1. Report the equivalent ellipsoid semi-axes for the chain in whole Å, largest first, defined as the square roots of five times the eigenvalues of the gyration tensor built from alpha carbon atoms.
2. Which residue fluctuates most in the GNM of the chain (Cα springs below 10 Å): G44, G94, G54?
3. Charges at C-beta only: +1 for Lys and Arg, -1 for Asp and Glu. How large is the resulting dipole of the range 6-137 about its Cα centre, in Debye rounded to 20?
4. Under the rule that an exposed site lies in a DSSP loop and has at most 15 other Cβ atoms within 10 Å, name the longest stretch of the chain with no trypsin sites (Lys or Arg not before Pro) of that kind, not counting the sites themselves.
5. Which whole-number percent is the relative contact order of the chain (Cα, under 8 Å, 6+ apart)?
6. Around F93, with a cut-off of 14 angstrom between Cβ atoms, what is the net charge of the other residues, counting Lys and Arg +1 and Asp and Glu -1?
7. Quick one: net charge around S22, please, counting Lys, Arg +1 and Asp, Glu -1 for every other residue with C-beta under 12 Å from its C-beta.
8. How would M63, M36, M51 line up from fewest to most surrounding beta-carbon atoms within 10 angstrom?
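Every number here is computed from the coordinates shown, using simple stated rules; none is lab data. These figures come from a predicted structure and were not determined experimentally. Positions of Cβ are generated from backbone atoms using ideal geometry, with glycine treated the same way; all protein chains shown enter the neighbour counts.
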Amino acid sequence: MNALPIRHLQHIGIPVTSIDRSIRFYHNLGFVNSMMSTFDRPGGKGHVAMMKMGDITIELYEMPADELEEVKLRKHGHVDHIAFDVANIDEVFGDCLKRGLAIQEPAPVLLPRFWDSGCKYFNIVGPDGEKLEFNQIL
């Protein structure tokens with residue numbers, strides 16, 4: 001099979017327990033907050049910040065209060081996912097279906113409040129449980 005049309009590494013997602021504290025930490029390292037938004041969860045709204053330095057983007061996200069305990073209980077490895085930038089999310093989704101990959105969403109998910117015009121994404125799980133996200137900024 002041909003390679004998936006991945007353009008480059010888009011971002012690394014890190015769950016945090018305090019979005020404000022983490023933004024300050026990454027600002028201190030030289031990152032700039034390039035986007036902030038919220039996302040809906042069953043327990044309320046989560047918060048996200050995209051921190052950029054040059055070509056590096058780190059997604060910091062804070063889950064609603066009822067889901068924070070899971071983040072606090074992690075002992076190792078707080079990196080949650082690696083995201084790849086793609087030009088056509090629907091095409092890549094179909095290709096992943098054909099390959100029989102372990103797709104986590106029934107269809108690409110639209111996040112309308114992300115970036116200027118929103119984004120669409122979906123995740124697959126690798127052989128050791130690693131989460132790989134495919135993401136198209138609209």
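1. Ellipsoid semi-axes (Å, largest first): 25, 17, 15.
2. G54
3. For this selection, approximately 220 debye.
4. Longest gap between qualifying sites, sites excluded: 1-73.
5. Answer for the chain is 25 percent.
6. -2
7. Summing Lys/Arg as +1 and Asp/Glu as -1 gives -1.
8. Values: M63 20, M36 14, M51 23.
Least crowded to most crowded, the residues run M36, M63, M51.
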